[in-house]
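In what follows, a structure is listed as structure tokens, so that the remarks can point back to it.
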Amino acid sequence: MALTQSEPTAPSGAIYVTHSDWQRLQALLEGYRHQGREDVSTLQRLEDELDRAVVLDAAEIPPDAVTLDSRVVLLDLDSGEELRFTLVLPSRANLDEGRISVLAPLGMAVLGYRVGNDIDWEVPAGRRRLRVQRVMDQPEAAGRPPAGRPRRPDEGGQRREIA
């Protein structure tokens, strides 16, 4: 009899978010609200997404879940076109370099979804239907800290002294 590793199961409609991402996104929400820098409805949508999230330690997150700093491939179910990008915090967003902000509608839509999940994405011309086709790189699955968060000494890996 073979043993299989069980993965966390989420309630219907839930998304997966690492504890680290949840903290970074909560800080982002608080900072933007304090500064009045972002549309209130955008911040509310992200807050709603985080409210339905299953928050897990990095070691528990499914390797096919889209987390911050994940490189993903989405399939447009209507056109067959593939979209490739990295999901990032707004300060690192750069469309020319394929980095989409988590505050952009597409970024918010894909956060926490897993390979095989379908997404309805509202665009000015109507709705697009997308599927998470592949997570090409997820920092947590690769044992790396997300961008902008240094690795703690107890997280393993080699430390290098800079003179």
Handout entry: Some residue of the stretch 59-71 being in a strand (DSSP E or B), at pLDDT 90 or above, over 21 Å from A14 (Cα atoms) and touching a Ser or Thr at 6+ places or on another chain (Cβ under 8 Å)
Key = no
Practice task
Output the qualifying pairs, or none if there are none: Cβ atoms under 7 angstrom, residues six or more apart or on different chains, first residue in the stretch 111-131 and more than 15 Å from I61 (Cβ to Cβ), second residue of a type in the set (F, W, Y).
Solution key: I119/Y113; R127/W121; R128/W121; L130/W121
Fill in the blank from the handout: Filter the stretch 76-124 for residues that are part of a helix (DSSP H, G or I) and touching a Lys or Arg at 6+ places or on another chain (Cβ under 7 Å); the one that is farthest from V54 (Cα to Cα) is R92
Fill in the blank from the handout: Over the stretch 46-88, the set of residues surrounded by 15 or more Cβ atoms within 10 Å (Cβ to Cβ) and out of contact with any strand residue (DSSP E or B) (no Cβ under 9 Å at 6 or more places or on another chain) is L46
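Please enumerate the residues belonging to the stretch 116-138 that are of a type outside the set (V, I, T) and modelled with pLDDT under 90. Even if it seems obvious, please write down each step before you answer.
Initially, the stretch 116-138 is screened for residues of a type outside the set (V, I, T), giving 116-118, 120-122, 124-131, 133-134, 136-138.
Passing the criteria: D120, W121, E122, P124, A125, G126, R127, R128.
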Practice task
Could you please let me know if V55 is in a strand (DSSP E or B) and more than 13 Å from Y113 (Cβ to Cβ)?
Solution key: yes
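The values are calculated or read from the model by the stated rules, or taken from the named source; none is laboratory data. The model shown is predicted, which means the values in this text are computed figures rather than measured ones. Counting neighbours? That spans all protein chains shown, and the Cβs are built from the backbone with ideal geometry, glycine included.
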